[in-house]
Each structure stands twice: as structure tokens, then as C-alpha cells.
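Novice: First the structure, which I've put down as C-alpha cells, then a few questions once you've had a look.
The values are calculated or read from the model by the stated rules, or taken from the named source; none is laboratory data. Computed from a prediction, not measured in an experiment: that's the story for all the values here. Backbone-built Cβ (ideal geometry, glycine too); neighbour counts: all protein chains shown. Remember, those area values only see protein heavy atoms, side chains included, never the ligands or the DNA or RNA. Shrake-Rupley method; radii C 1.70, N 1.55, O 1.52, S 1.80 Å.
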Amino acid sequence: MRRIIFSTISILCLLITIFMFGYDSKKWYGSFLKLLYDVNMFMPFILAGIGMISAIFGIKGDYRMVLVVLHSFILLLFLGIYIKAF
């Protein structure tokens, strides 16, 4: 049961991080993402880290591999954007 909860947390973190990548203040989720960016500028990295750790403790097999790879890809994507921005 705990593995399912960890996988669910990982999927939710992945979805929020993907929405943060395509941030648009005019969309229905814009105010929530603005709040996340106001809390901390590095929130996508924090969410990707939490998601990757929970994916490692999640369901074994293909789900774990896919979640870890997707979190790694999003993390590298945000890292490239932040390096270019600074």
C-alpha cells in the first residue's frame, strides 16, 4: 500500500512540475503556480527531487523506471533554463 502512495506522490509532483514548465498566468492553474514560484524560485527542483525520491520508494518495475527518467528529464530541462537565465 505504501508503494502505491509513493508512486502517487511522484506522479503528482511530476504533473505539477510539468505545469510549472508550461506556466501561463491566464490558465485555470495560473494562480496556484504563481504561489509556488513566490514561495521559492527553485520550487521545480524541490518538487522534482521529492518526486524522484518517492518514485524510488514506489511501485517496482516499469513504473519506477519511467517516473525516475521523467523526473530526471524535467530536472535537466529546468537546470538548462536556469543556467541560461543566470
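Novice: Under 7 Å between Cβ atoms, at least 6 apart or on separate chains: pull out the pairs that start in the stretch 1-28 with a residue that is open to solvent by less than 90 Å² (accessible area, probe 1.4 Å) and end on any residue that is modelled with pLDDT under 90 and among the charged types (D, E, K, R).
Specialist: Taking only residues 6 or more apart or on different chains, the pairs are S25/K34.
Novice: Residues in the stretch 54-64: is at least one on the phi > 0 side of the Ramachandran plot, out of contact with any Cys (no Cβ under 7 Å at 6 or more places or on another chain) and in a loop (DSSP other than H, G, I, E, B)?
Specialist: yes
Novice: Quick check on this structure: which one of L12, L47, L35 is within 16 Å of L79 (Cα to Cα), in a helix (DSSP H, G or I) and not small (G, A, S)?
Specialist: L47
Novice: Determine the pairs where a residue that is of a type outside the set (G, A, S), located within the stretch 47-59, has a partner that is crowded, with 22+ Cβ neighbours inside 10 Å with Cβ atoms under 6 Å apart, the partner being 6 or more residues away or on another chain.
Specialist: L47/C13; L47/T17; I50/C13; M52/H71
Novice: While we're on this one: From the list S10, S72, pick out the single residue that is in contact with a His (Cβ under 8 Å, 6 or more places away or on another chain), modelled with pLDDT of 90 or more and small (G, A, S).
Specialist: S10
Novice: Sticking with this one: From the residues in the stretch 43-70 that are surrounded by 19 or more Cβ atoms within 10 Å (Cβ to Cβ) and in contact with a Ser or Thr (Cβ under 6 Å, 6 or more places away or on another chain), which one is nearest to M20 (Cα to Cα)?
Specialist: Of everything passing the filter in the stretch 43-70, P44 is nearest to M20 (Cα to Cα).
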